[in-house]
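Participant: Quick one: this structure, given as structure tokens, is what I'll be asking you about.
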Amino acid sequence: MTTATASLAARTVFRIGYGALQLERLHDRRGDAVALLRRAVELGVDHVDTAEFYGFGFANDVIREALRPEDDVLVVTKVGADPDPGGHLPLRLAQRPEQLRASVEDNLRSLSIDRLAVVNLRRLDTGPGLRPEGDQVVDLDDQLAVMTALRDEGKIGAIGLSSVTLDGLRRALPAGVVCVQNAYSLVSRDDEDMLQLCEAEGIAWVPFFPLGGAFPGLPKAADEPAVHAVAVSLGVTPSQVGLAWLLHRAPNVLLIPGTADAAHLEANMAAGAITFDAATLATLDAIESRSNEVPIG
């Protein structure tokens, strides 16, 4: 059995939140995007994950319009990349201290608030995706110095880390880290030691790619026969099994599944009510963990 809530930045939040990346799919249907976020709040979401580079600011615009002070939703944003509408990718790296500060200011402006509750420093040390080059190779200590300064100034409330190594997390602990976002799922569990360290330190573990990789060639939980068998036996979907497994993995796990569809949103939230008996959990735990690095070539 899992508990329904966990701690994040000295707040107690429902363990299933909402990741705002998929809101950009509703870019031409702004009213639907706002309605979807309102529905998430109705379903109990009190933790939303966003970034200025999600939809070139569209996600933050929707959050600003949809969320009300009385909703008391904890909005977590991230820095380390900025929107790049004309680029090969829709974002460009922004790892230098002055860029991190500018990104914080951009998020404050687009969300129309005076203080960001939690800001994740998106490193590029591990997991699928880009790696820094040239002047974007920045020492973690230099980044933590500006993040700590921003916290001291009251512009951010708490610091998180994303795509960080175990050594990097250990180095950052004295700065006061409240959450870690790394790629982690039933089928890709490379960061087991880091999850255990976070649990011991009272740090929330907020996995991205919670159902496996979004890139071609990466393992996906829904492709596993054992996951399908469990889903059939419980009358749920394979995706719900993958999310529920994460909630059973450790009490400090928080989920931020994203969707642009209200029915899918409801299914994601319902995963919190799924329970596994010991035999089922052992079957899922026995699934092989594979790398989530993007295949080359």
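The values are calculated or read from the model by the stated rules, or taken from the named source; none is laboratory data. Worth saying up front: this structure is predicted, and the values here are computed from it rather than measured. Methodologically, a virtual Cβ is constructed for each residue, glycine included, from the backbone with ideal geometry; neighbour enumeration extends over all protein chains shown. All accessible areas refer to the heavy atoms of the entire protein, side chains included, with ligands and DNA or RNA removed. Shrake-Rupley method; radii C 1.70, N 1.55, O 1.52, S 1.80 Å.
Participant: For residue 253, which sequence-distant residues (separation of 5 or more, or a different chain) have an amide H within less than 5 Å of its own amide H, given hydrogens modelled in the peptide plane?
Facilitator: 205
Participant: Can you list the HN-Hα couplings for the stretch 172-186, worked out from phi with the Karplus curve (6.51, -1.76, 1.60; θ = phi - 60°), rounded to whole Hz and with x for Gly and Pro?
Facilitator: After applying 6.51 cos²θ - 1.76 cosθ + 1.60, I find 8, 3, x, 6, x, 9, 9, 7, 10, 10, 10, 5, 6, 7, 3 Hz.
Participant: Additional query: Once you sort the root eigenvalues of the Cα gyration tensor of the stretch 7-99 as a ≥ b ≥ c, which label holds: rounded (a/c under 1.5), prolate (a/b larger than b/c) or oblate (the other case)?
Facilitator: oblate
Participant: Sum -39500 (n - 2.57) across every DSSP H segment of at least 4 residues in the chain, then divide by the residue count to get the 222 nm mean residue ellipticity, nearest 500.
Facilitator: That calculation yields -10500 deg cm²/dmol at 222 nm.
Participant: Please report, in debye to the nearest 20, how large the charge dipole of the chain is about its Cα centre when each Lys and Arg carries +1 at its beta carbon and each Asp and Glu carries -1 there.
Facilitator: On the way: 26 positive and 41 negative charges, 65 e Å.
Its charge dipole is roughly 320 debye.
Participant: Oh, and also: With a 1.4 Å probe and every protein chain kept in, tell me what percent of the accessible surface of the chain is carbon plus sulfur.
Facilitator: Percent of accessible area from carbon and sulfur atoms in the chain: 52.
Participant: Order the peptides 24-30, 39-45, 118-124 from the highest to the lowest mean number of other Cβ atoms within 10 Å of their residues.
Facilitator: Going from most to least packed, we get 118-124, 39-45, 24-30.
Participant: Quick check: Cα centre of the stretch 231-297 to Cα centre of the stretch 166-203, how many Å?
Facilitator: So the separation of the two Cα centres works out to 19 Å.
Participant: I would also like to ask the following. Place the peptides 147-153, 186-192, 31-37 in order of packing, highest mean first, counting for every residue the other Cβ atoms within 10 Å and averaging per peptide.
Facilitator: The packing order, highest mean first, is 186-192, 31-37, 147-153.
Participant: Assign one of three labels to the stretch 213-291, namely rounded, prolate or oblate, based on the Cα gyration tensor with a ≥ b ≥ c the square roots of its eigenvalues; rounded applies when a/c is under 1.5, prolate when it is not and a/b is larger than b/c, and oblate otherwise.
Facilitator: It comes out rounded by the Cα gyration axes.
Participant: Ratio to report: Rg/Rh of the stretch 174-233, with Cα atoms as the point set and Rh obtained by the Kirkwood method; give two decimals.
Facilitator: 1.08
Participant: Relative to the compact globular guide of 2.2 N^0.38 Å, what is the alpha carbon radius of gyration of the stretch 1-53, as a ratio?
Facilitator: 1.29
Participant: Considering Cα pairs under 8 angstrom that are at least six residues apart, work out the relative contact order of the stretch 150-297 and quote it in whole percent.
Facilitator: Relative contact order for the stretch 150-297 comes out at 24 percent.
Participant: Identify, among 33, 173, 7, the residue whose Cα sits farthest towards the positive end of the charge dipole of the chain, taking +1 on the Cβ of Lys and Arg and -1 on the Cβ of Asp and Glu, with the dipole about the Cα centre.
Facilitator: 33
Participant: Heavy-atom accessible area per residue, the chain, 1.4 Å probe: how many Å²?
Facilitator: Per residue, the chain has an accessible area of 43 Å².
Participant: Largest first, please: the extent of the C-alpha atoms of the chain along each principal axis, to the nearest Å.
Facilitator: 52, 42, 40
Participant: Take the alpha carbon gyration tensor of the stretch 118-245, find the square roots of its eigenvalues, order them as a ≥ b ≥ c, and report rounded if a/c is under 1.5; if not, report prolate when a/b exceeds b/c, else oblate.
Facilitator: Judged from the Cα gyration tensor, the stretch 118-245 comes out prolate (a/c at least 1.5, a/b above b/c).
Participant: Among bridges DSSP assigns within the chain, what percent are antiparallel (round to 5)?
Facilitator: Of the beta bridges lying entirely in the chain, close to 25 percent run antiparallel.
Participant: Tell me, what is the percent relative contact order of the stretch 5-286, built from C-alpha pairs under 8 Å that lie six or more residues apart?
Facilitator: 18
Participant: Next question. Taking H as built 1.01 Å from N, whose amide H comes closer than 5 Å to the amide H of residue 208, not counting residues under 5 places away?
Facilitator: Hits under the 5 Å cutoff: 182, 183, 184.
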